[in-house]
C-alpha cells in the first residue's frame, strides 16, 4: 500500500483529495495547522469521516516548523507528497505579505528539504493561476512569462515554482507544479466568491462586488481538480513540469451572480465597490498540456457545479 503525505489536507481541496486517495486504497497522512484564516471548525468538519479510517493519520503542525516536519517524515515512508498547505488569497496577502512569504516560500522549501533528506522522489506542488498577473495573451499557457506578479500571494507561488525546479534539478525529485484556476465546489473556503455570495443572497443581505462586475474567471469544479491531481500523481515520464488545471471556460462576474441567483431561486442585492488592488481582470487556462500528459478532461459546466455547491450549502452550512 502506497503512503501519501498531503499537506493542508483538512482544507477545501486537500480534504477532497484525501477522500479520493482513501477510496483508491492509499494510506494517507495529513498535515494541517488549523490556523484562524477562517473558522478552524470548518476544517475539523471536513475531516470528520477521515478520522475513523484505519489508513488515515492526522498530524497537527505548521510547515514553518522544520523539526516537526522532520519528525513526520522520519516516522513514515512516503511514496509521494502532495503539498497543498499555504496561506491563500490575493487580497489578504496585501495586508500580511511577510506572513505569506514565511508560509508559502520558507514553508514550501521545508517540504522540499524533507523530501530531499528522507528520499521522497515525487512531489506535487499547488501553484496558482495568480502567477500569470495581468496577462494580455489568452488563454494562459505554461510557456507565458510570469515575471510580473501583482500580489504578494502570486509572488510566493511563483517563488515556489522556482524552488521546485531547483530541487528537482539538483536532487532528482520529480516535482509537478499545478496551477489551479479558481476552484469551487462543496467545502469551498467561506471567503471565496461563490461561497460568500451564496451565503449573503440566501440570508437576504447585500453582496459586495468590486469594480464593474466584468472581471472573468476560469471557474473549475473540485471533482475536475481532484481528477487532475490523481492524473499528476500517476504521471512519471518527466522530472519537472508546470501544468495548468482549469476548466478552460471563462465566466464574467455578473454572469456568475446570475447563476447563483438561479440556483438559489433568489435575487441578489448588489453593493458596488471600487476595484481592488491585486485583482486581475481575467484568468483563462490553456489545458492542452494537462490533457496531453495525463488525460485531464474537465467536464463540469458552471451551472451544474454551482447547483451542486448550493445543494451542499443548504444541507451542511444552513444548520
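The values are calculated or read from the model by the stated rules, or taken from the named source; none is laboratory data. The structure presented is a predicted model; accordingly, all values stated were derived computationally and were not measured. Glycine also receives a Cβ, built like all others from the backbone with ideal geometry; neighbour counts cover every protein chain displayed.
Here are 236, 248: which of them is within 27 Å of residue 146 (Cα to Cα) and surrounded by fewer than 14 Cβ atoms within 10 Å (Cβ to Cβ)?
On the way: 248 fails: surrounded by fewer than 14 Cβ atoms within 10 Å (Cβ to Cβ).
Going through 236, 248 in turn, the sole match is 236.
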Among the numbered criteria (1) under 30 Å from residue 18 (Cα atoms); (2) part of a loop (DSSP other than H, G, I, E, B); (3) modelled with pLDDT of 95 or more; (4) over 22 Å from the mean Cα position of the chain (by Cα), which single criterion is violated by residue 259?
(2)
Restricting to the range 35-57, give me the number of residues that are farther than 17 Å from residue 89 by Cβ, free of Cβ contacts under 8 Å to residues at least 60 places away in the same chain and surrounded by 17 or more Cβ atoms within 10 Å (Cβ to Cβ).
4
Evaluation of residue 267 against (1) closer than 20 Å to residue 249 by Cβ; (2) part of a loop (DSSP other than H, G, I, E, B); (3) at pLDDT 90 or above (one fails), failing number:
(1)
Check the range 75-92 and report whether any residue there is surrounded by fewer than 20 Cβ atoms within 10 Å (Cβ to Cβ), free of Cβ contacts under 8 Å to residues at least 12 places away in the same chain and either in contact with a strand residue (DSSP E or B) (Cβ under 7 Å, 6 or more places away or on another chain) or not in a helix (DSSP H, G or I) (or both).
yes
Check residue 249 against each of (1) touching a residue at least 60 places away in the same chain (Cβ under 8 Å); (2) part of a loop (DSSP other than H, G, I, E, B); (3) under 15 Å from residue 303 (Cα atoms) and name the one condition it does not meet.
(1)
Is one or more of the residues making up the range 60-75 under 22 Å from residue 229 (Cα atoms), more than 18 Å from the chain's Cα centre (by Cα) and modelled with pLDDT of 95 or more?
yes
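Filter the range 115-149 down to residues that are part of a helix (DSSP H, G or I) and touching a strand residue (DSSP E or B) at 6+ places or on another chain (Cβ under 8 Å) and give me whichever is farthest from residue 287 (Cα to Cα).
Quick first cut of the range 115-149, residues part of a helix (DSSP H, G or I) only: 115-118, 129-132.
Now drop any that are not touching a strand residue (DSSP E or B) at 6+ places or on another chain (Cβ under 8 Å), which leaves 115, 129, 131-132.
Details: 115: 28, 129: 12, 131: 16, 132: 15 Å.
Result: 115.
Which residue, of 118, 68, is without any contact (Cβ under 8 Å) to a residue 24 or more places away in the chain and either in contact with a helix residue (DSSP H, G or I) (Cβ under 6 Å, 6 or more places away or on another chain) or surrounded by 16 or more Cβ atoms within 10 Å (Cβ to Cβ) (or both)?
Details: 118 fails: without any contact (Cβ under 8 Å) to a residue 24 or more places away in the chain.
Just a single option satisfies the conditions, and that option is 68.
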Could you please find all residues in the range 7-34 being in contact with a helix residue (DSSP H, G or I) (Cβ under 7 Å, 6 or more places away or on another chain), without any contact (Cβ under 8 Å) to a residue 60 or more places away in the chain and on the phi > 0 side of the Ramachandran plot?
34
Where residues in the range 183-209 are buried (at least 22 other Cβ atoms within 10 Å of the Cβ) and touching a strand residue (DSSP E or B) at 6+ places or on another chain (Cβ under 6 Å), which of them is nearest to residue 242 (Cα to Cα)?
183
